[in-house]
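Notes for the one structure printed next.
Read the figures in this text as sums done on the coordinates, not as results from a lab. Just so it is clear, the model here is predicted, and its values are computed rather than measured. Quick reminder, even Gly has a Cβ in these numbers, built from the backbone with ideal geometry, and neighbours come from all protein chains shown.
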Amino acid sequence: MEIVSTIAAARERRSADREAGRSVALVPTMGYLHEGHLSLVRRAREIGDSVWVSVFVNPAQFGPGEDLERYPRDLERDAALLEAEGVDVVFAPPAEDMYPRPSVVTIRFSGLEDRLCGATRPGHFSGVGLVVAKLFNIVDPAVAVFGQKDAQQALLIRRLAAELDFPVQIEVSPTVREADGLAMSSRNVYLSAAERQAAPVLHRALVAAHDAVAEGENDPLVVEGQMREMIEAEPLASLEYAVCVGLEDLERPSRIDRTVLLATAVRFGSTRLIDNLLVER
Ligand code: PAF
């Protein structure tokens with residue numbers, strides 16, 4: 001496994017893959033890897049000849065007062081995990097290489113970036129779009145793998161790739177969960193013991209709502225109310241949103257007559273967790 005830490009070195013390594021006729025599957029990450037990331041790596045391994053993982057805590061997607069400084073980082077540990085997964089290249093650039101000067105280019109996702117997580121994280125998805133576009137240009141992957149846990153991000157990246165004509169296939173892999181249902185996230189390490197015990201309420205509320213829809217409930221307001229009630233009953237949980245929306249527009253349908261996304265964001269102290277489930281119709 002090679003660790004490349006500059007854009008120039010990444011381009012050089014990419015040329016070697018190209019000359020050898022190897023297709024590249026990229027897994028973009030912000031590091032501090034867990035089993036969820038490793039499942040994306042395994043999926044990438046199935047699809048690409050050469051598996052690249054980027055490890056970059058992207059300052060552009062953190063707002064003022066968010067957890068950029070305290071976001072957990074451990075490249076040595078990440079590299080050991082990735083080597084054991086048979087990854088070919090880790091691209092871990094410093095911020096000065098990715099952003100040598102303040103960026104004047106902004107990516108906007110009109111009508112989609114202000115919904116769900118974007119409502120309380122203004123500019124977040126612009127920052128994600130910018131770094132993902134840069135990674136696609138640097139690594140030129142045939143396939144890029146993202147997690148379903150970040151459902152809104154996955155939707156926006158699909159749109160980014162399609163509308164800016166990046167020749168990349170976007171793969172979305174299922175959420176990996178702890179035994180009690182909590183979705184794996186690098187931010188779970190911030191939870192106190194009591195918060196960690198309370199956190200599976202996200203998944204429980206989503207499953208209950210999923211089952212209600214699967215059993216015929218077709219009023220999205222009823223479904224949202226049910227999720228809200230369950231989450232608000234947990235004293236340590238502070239609900240940000242619990243919604244039932246269409247997959248493409250992230251808007252609440254007047255009735256549930258097609259596949260919907262049930263999604264929630266909840267704060268436990270200063271830790272913000274998200275999760276979602278799809279209900280197929
Ligand atoms: O999902 C993440 O970890 C990040 O948003 C991503 C896609 C790596 C961009 O920084």
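Going by how many other beta carbons lie within 10 Å of each one, how would you line up Val55, Val172, Val105, fewest first?
By the 10 Å Cβ count, ascending, the order reads Val105, Val172, Val55.
Evaluate the relative contact order of the stretch 95-232 (contact order divided by residue number), counting alpha-carbon pairs under 8 angstrom at least 6 apart; express in whole percent.
Numbers: 107 pairs, mean separation 20.9, N = 138.
Relative contact order comes out at 15 percent.
Relative contact order for the chain: what is it in percent, counting Cα pairs under 8 Å that are at least 6 residues apart?
Details: 497 pairs, mean separation 47.6, N = 281.
Normalised by residue count, the contact order of the chain is 17 percent.
Which residue, Met227, Ala208, Ala263, has the largest displacement toward the positive end of the dipole of the chain when charges sit on each Cβ (Lys, Arg +1; Asp, Glu -1)?
It is Ala263.
Under the √(5λ) rule applied to the eigenvalues of the Cα gyration tensor, what semi-axes describe the equivalent ellipsoid of the stretch 160-250? Give them in Å, descending.
Values: eigenvalues 143, 90, 30 Å².
Computed over the stretch 160-250, the values are 27, 21, 12 Å.
In square nanometres, what is one fourth of the surface area of the convex hull spanned by the alpha carbons of the stretch 1-137?
Details: hull surface 36.2 nm².
Over every viewing direction, the Cα hull of the stretch 1-137 projects on average to 9.0 nm².
Taking a quarter of the surface of the convex hull around the Cα atoms of the stretch 63-155, what do you get in nm²? Intermediate values should be presented prior to the final figure.
Working: hull surface 30.3 nm².
That works out to 7.6 nm².
Could you state the orientation-averaged shadow area of the convex hull built on the Cα atoms of the chain, in nm² to one decimal?
On the way: hull surface 59.1 nm².
Its Cα hull, projected and averaged over all orientations, spans 14.8 nm².
If you restrict to DSSP beta bridges whose two residues both lie in the chain, what percentage is antiparallel, to the nearest 5?
Details: 19 of 38 bridges.
Taking every DSSP beta bridge within the chain, about 50 percent pair in antiparallel fashion.
Only bridges whose two residues both fall in the stretch 1-107 count here: according to DSSP, what percent of them are antiparallel, nearest 5? Spell out each step's value before the answer.
On the way: 0 of 12 bridges.
Around 0 percent antiparallel, to the nearest 5.
In nm, what is the difference between 0.36 nm times the number of residues separating Ala119 and Glu229 and their Cα-Cα distance? Present the calculation step by step, with values, prior to reporting the outcome.
Numbers: separation 110, 0.36 × 110 = 39.60 nm, distance 2.09 nm.
Full extension of this stretch gives 37.5 nm more.
Springs between alpha-carbon atoms under 10 Å, Gaussian network over the chain: tell me which of Asp211, Asp165, Asp257 tops the mean-square fluctuations.
Checking each option, the largest mean-square fluctuation is seen for Asp165.
Check each of the GluC sites (Glu not before Pro) in the stretch 12-120 and keep only those in coil by DSSP with at most 10 other C-beta atoms within 10 angstrom; list them in order.
On the way: sites: Glu12, Glu19, Glu35, Glu46, Glu66, Glu69, Glu76, Glu83, Glu85, Glu96, Glu113; in loops: Glu66, Glu69, Glu85, Glu113.
Hits after loop and neighbour filter: Glu69.
If eta is 1.002 mPa s and T is 20 °C, what Stokes-Einstein diffusion coefficient results for the stretch 100-204, Kirkwood Rh from Cα pairs, in µm²/s?
Numbers: Rh = 15.6 Å.
Here the translational diffusion coefficient equals 137 µm²/s.
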